[in-house]
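Colleague: First, the structure itself, so that you have it in front of you.
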Amino acid sequence: MAEFSATSTSTATGIVVALQANYLEVELHAPPDGIPGRLLCTRRTRLSHRGAAVHVGDQVSIEAIDPVQARAVVADVAPRDSWLTRPPVANVSLVVVVLAVDQPSFDPDQASRFLLTAERTGLDVQVVLSKRDLLPPDQLEQLCERLRRWGYEPIALSSETGEGVEALQQRLRGTALAVLCGPSGVGKSSVLNRLLPHLSLRVGAVSGRLQRGRHTTRHVELFALGDTSKVADTPGFNRPDLPDDPRELGVLFPELRQQLDPWPCRFRDCLHRGEPGCGVSTTWERYSLYASGLEELVALSRQGRGG
Ligand code: GDP
Ligand code: ZN
């Protein structure tokens, strides 16, 4: 993470935790004496002139602090480690993909579309199997085992009983900034309410979206989980999205990546479709999904080239 050099009594650094109309809500990393931990900030005009949009998750330096009004001005934005568009959040480090074990029943194709979209961010991906109270233990273990073969170590939890929630909290404690995503109805809002109980007072799930009475124009807000972690209160992409380039599909499957580590396929630009001598086998569960996705992308890229 980038650091800012200038520090005096009237400057500080922090993270943008929410946008409200033209204001940025900034939480200070180490509030100087007598300065509130959260400030409502405007942007220096030269920032707008440079076209540097400031977003939730951005690390910023602030100046012109007014401790009485809890106001300040954002003077600069640190370069981003990552950028997600749905929801618009900078510096996310972990994408949590929530999939229900039942209601709606586990759908491997839909699950994979979300996982591939999550993998496309290039960030770490954590699978959460929600509603574990709806499945007998042996079937739950089979499903966990299946996800492990897909290259994931799932956390199974129930927002109903609370079982497994601690494991997710622990995982998130080692994460600077996480977002949740997954199909609608899998229990994302319920998980967020479990993680951020103080939210539930202001949150009512309406068709899976968090609605606020007062701040209807707010889109994303970051909430603290302990001292070092934050989670976005708004679920991310629920429309899956695939790469344009067929060669980029393979890296989105962790179980394929694992086959190429530490010995990459010896064919350059190989699409790993069972060619003799290819370093990737065809005997893994999601191979057919990979192969059909590949065909689709190859066909599309041919069309795109007008042939
Ligand atoms: P979202 O659309 O992903 O945000 O899902 P919600 O959190 O709105 O939950 C969808 C439905 O699943 C609601 O009726 C919840 O009560 C139910 N639900 C959520 N979590 C659990 C759980 O752990 N167990 C059970 N049995 N139902 C759950
Ligand atoms: Zn190959």
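Colleague: Once you keep just the Cα pairs under 8 angstrom separated by 6 or more residues, what percentage relative contact order results for the chain?
Modeller: 15 percent
Colleague: How long, wide and thick is the stretch 246-304, going by the Cα atoms along their three principal axes, in whole angstroms, largest first?
Modeller: Sorted largest first, the three principal extents are 35, 24, 20 Å.
Colleague: Same structure, new question: What percent do you get for the relative contact order of the stretch 36-122 when only Cα pairs under 8 Å and 6+ apart count?
Modeller: That works out to 23 percent.
Colleague: Report, by chain and number, residues whose modeled amide H sits under 5 Å from the one on Gln20, excluding near sequence neighbours (fewer than 5 apart, same chain).
Modeller: Result for Gln20 returns Glu25.
Colleague: Taking a temperature of 4 °C and a viscosity of 1.567 mPa s, what whole-number D in µm²/s does Stokes-Einstein yield for the stretch 84-233 with Rh from Kirkwood over alpha carbon pairs?
Modeller: 83 µm²/s
Colleague: What ranking of Val280, Val95 emerges when the number of other C-beta atoms within 10 Å of each C-beta is taken as an exposure proxy, fewest first? Each step should come with its number before you reach the end.
Modeller: On the way: Val280 23, Val95 27.
If I rank by nearby Cβ atoms, fewest first, I get Val280, Val95.
Colleague: Here's another thing I want to ask about it. Given N residues in the chain, what is Rg(Cα) / (2.2 N^0.38 Å)?
Modeller: 1.13
Colleague: Placing one identical point scatterer on every Cα of the stretch 12-79 and ignoring solvent, what is log10 I(q)/I(0) from the Debye formula at q = 0.16 Å⁻¹?
Modeller: -0.44
Colleague: Same structure, new question: Under a Cβ-only charge scheme (Lys and Arg +1, Asp and Glu -1), can you give me the dipole magnitude of the chain about the Cα centre, in debye to the nearest 20?
Modeller: On the way: 34 positive and 36 negative charges, 175 e Å.
Dipole of the chain, to the nearest 20 debye: 840 debye.
Every number in this text was worked out from the coordinates using simple rules, so none of it is lab data. Because the structure is predicted, anything quoted here is derived from the model rather than measured. Note that we place each Cβ from the backbone using ideal geometry, even for glycine, and neighbour counts take in every protein chain shown.
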